[in-house]
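The values are calculated or read from the model by the stated rules, or taken from the named source; none is laboratory data. Worth saying up front: this structure is predicted, and the values here are computed from it rather than measured. Counting neighbours? That spans all protein chains shown, and the Cβs are built from the backbone with ideal geometry, glycine included.
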Amino acid sequence: MLEDNEVNRVLVVTAHPDDVDFGAAGTIASLTGRGVEVSYCLVTAGDAGGFDRELDNGGMSELRRAEQTAAAKAVGVSDVRFLGYADGLVEQSLGLRRDITRVIRQVRPDLVITHSPERNYAVVFPSHPDHRAVGGSTLDAVYPDARNPYTFPELLTDEGLDAWTVREVWLTGGPSPDHYVDITATLEHKIAALRAHVSQVAHRDDLDAFVRARFGETARLGGLGEGRYAEAFQRVVTG
């Protein structure tokens, strides 16, 4: 397992805008607060989300890109990349693996954070098909694709992207968390990031209470005690 001082660059790969903020924004704020470089890679721009049916898919996509950029800023992230896949139609494919491998070789992270590819039967919401497809493709991109120079050789020959070994992956939303990050000190940053997703949360008058209840319970399950808040992950050693 990586020690804190061994994590200098982190890549977060998610399916939609707001996924990282619901799952990991408190952790991201903690990382950037101690000088870690964090990049976001979003597979879609969330064009199938939101509640404003006056916007067409292009308008929703543009809006949600802007919201995610603002949310990232709230937790100290400025590098936000979108791959342009269609929301709701993501499949675990060679093309997606190649595109994620490209970003891994560009960013060269020590740690990758992504969705669990496993369905969570206790809480269904993290198990959106796009989430599972992105999580599976990201794990395949981490191992074996990004580290093997003979996989997608055009990334090396045409784009000059050398192979890179990611040492650890943290999975969000899965059924088997084993690592709890205390986000008590960064909870307000997490809430600010979530509030940036106006198209998704403006209808929720109880957002603050919801976040505090949900992540307070996560802290309790993780053994952190009352009055604390936490985000949960499954750690996978890949280096």
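Things to note:
- Restricting L2, L31, L11 to those that are among the aliphatic types (A, V, I, L, M) and modelled with pLDDT under 95 reduces the list to L2.
- Condition met for T172 (more than 20 Å from G46 (Cα to Cα) and not acidic (D, E)): no
- Of all residues assigned to segment 141-149, at least one qualifies as being basic (K, R) and free of Cβ contacts under 8 Å to residues at least 40 places away in the same chain.
- The set of residues in segment 71-122 that are under 12 Å from A15 (Cα atoms) and among the hydroxyl-bearing types (S, T, Y) comprises Y85, T114, S116.
- I113 vs. criteria within 13 Å of the chain's Cα centre (by Cα) and not in a loop (DSSP other than H, G, I, E, B): yes
- One residue alone among R97, R65 is out of contact with any helix residue (DSSP H, G or I) (no Cβ under 9 Å at 6 or more places or on another chain) and touching a residue at least 12 places away in the same chain (Cβ under 8 Å), and that residue is R65.
- Restricting segment 111-132 to residues that are of a type outside the set (A, V, I, L, M) and surrounded by 23 or more Cβ atoms within 10 Å (Cβ to Cβ), the residue that is farthest from L31 (Cα to Cα): D130
- Counted as qualifying within segment 1-110 are the helices (runs of 4 or more DSSP H) with 2 or more residues that are surrounded by 22 or more Cβ atoms within 10 Å (Cβ to Cβ), hydrophobic (A, V, I, L, M, F, W, C) and touching a strand residue (DSSP E or B) at 6+ places or on another chain (Cβ under 7 Å), namely 19-33, 94-107.
- For segment 169-190, the set of residues classified as touching an Asp or Glu at 6+ places or on another chain (Cβ under 7 Å) and surrounded by fewer than 20 Cβ atoms within 10 Å (Cβ to Cβ) consists of P175 only.
- Residue within segment 59-79 that is farther than 22 Å from A193 by Cβ, under 17 Å from the mean Cα position of the chain (by Cα) and not small (G, A, S) present: no
- Segment 205-239, subset in a loop (DSSP other than H, G, I, E, B), more than 23 Å from P17 (Cβ to Cβ) and more than 18 Å from the chain's Cα centre (by Cα), residue modelled with the lowest pLDDT: G239
- Counted as qualifying within segment 153-204 are the helices (runs of 4 or more DSSP H) with 1 or more residues that are under 23 Å from S61 (Cβ atoms), namely 187-195, 198-201.
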